[in-house]
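Asker: First the structure, which I've put down as structure tokens, then a few questions once you've had a look.
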Amino acid sequence: MICSLCYPSSIKQVYSNKAWQQAKWSQPQKRKQGAHNPAERDVHPEAIRCFSDAAWKEATLRCGMGWSIKSPGNDLLQQGSSFRTHVSSVLVAETLALKVAISAALALGATRLACFSDCQDLIRLLNSGGHANELDGLLEDIKFLCSKFISISFLFIPRSLNSEADALAKAGLVSCCSSPV
């Protein structure tokens, strides 16, 4: 037992905080309602969700691109895959995949768009207005496409939450490698 005359109040506070922490950890944690992805909290409620990914093969400089477009209620609106040759890096491949996905959402008539990618470098570039010499033309294309929307956001998600687009990108790469180019 702690004597209040022997210890300053700050020490008593530490002991009471420790007891509170122990009690807090012993209680079952309530799961927050809403999105399983923290990035979803930053999305306009009427925004179409667009997930993109790329699979790149350095030996052949080919990439597969995949995208999945979902309604605000998470219903699948469209998905697709394609491929490109002569792609110099994985970052270029990811940027191409995002550009194709944005174009597809625009063709569907989306006016608000939330773009999700597991390429953290690309999301940082887009959100900071930065540039990378190998991407400058593609980033300008994306900026032009962005002007067609009322609102657009770019959000990073972990690879585990982007599995549909990833599978589509890999399928695109397989079709590229199996077809004569």
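Asker: Could you list, in sequence order, all residues of region 111-146 that are closer than 14 Å to Phe51 by Cα and out of contact with any Asp or Glu (no Cβ under 7 Å at 6 or more places or on another chain)?
Answerer: Those that are closer than 14 Å to Phe51 by Cα and out of contact with any Asp or Glu (no Cβ under 7 Å at 6 or more places or on another chain): Leu113, Ala114, Cys115, Phe116, Gln120, Ile123.
Asker: Go through region 113-150 and give me each residue that's farther than 24 Å from Ile69 by Cα, in contact with a helix residue (DSSP H, G or I) (Cβ under 9 Å, 6 or more places away or on another chain) and in a helix (DSSP H, G or I).
Answerer: Scanning region 113-150 gives a single hit, Glu134.
Asker: So, in region 105-126, exactly how many residues are within 22 Å of Pro72 (Cα to Cα) and surrounded by fewer than 20 Cβ atoms within 10 Å (Cβ to Cβ)? Working first, answer last.
Answerer: Taking region 105-126 as the starting set, the residues that turn out to be within 22 Å of Pro72 (Cα to Cα) are 105-118, 123.
Adding the requirement that they be surrounded by fewer than 20 Cβ atoms within 10 Å (Cβ to Cβ) leaves 106-109, 111-112.
Summing the residues that are within 22 Å of Pro72 (Cα to Cα) and surrounded by fewer than 20 Cβ atoms within 10 Å (Cβ to Cβ) in region 105-126 gives 6.
Asker: Filter region 59-108 for residues that are free of Cβ contacts under 8 Å to residues at least 24 places away in the same chain, small (Gly, Ala, Ser) and in a loop (DSSP other than H, G, I, E, B) and give the result. Let's see the steps before the verdict.
Answerer: As a first pass, look at region 59-108 and keep what is free of Cβ contacts under 8 Å to residues at least 24 places away in the same chain: 59, 70-71, 73, 75-76, 107.
This time we only want the ones that are small (Gly, Ala, Ser), so: 59, 71, 73, 107.
Hits for region 59-108 are Ala59, Ser71, Gly73.
The numbers here are math on the coordinates, done by the rules we state, and not lab data. Note that this is a predicted model, so its numbers are computed, not measured. Don't worry about glycine lacking a Cβ; one is built from the backbone with ideal geometry, like all the others, and counts go over all protein chains shown.
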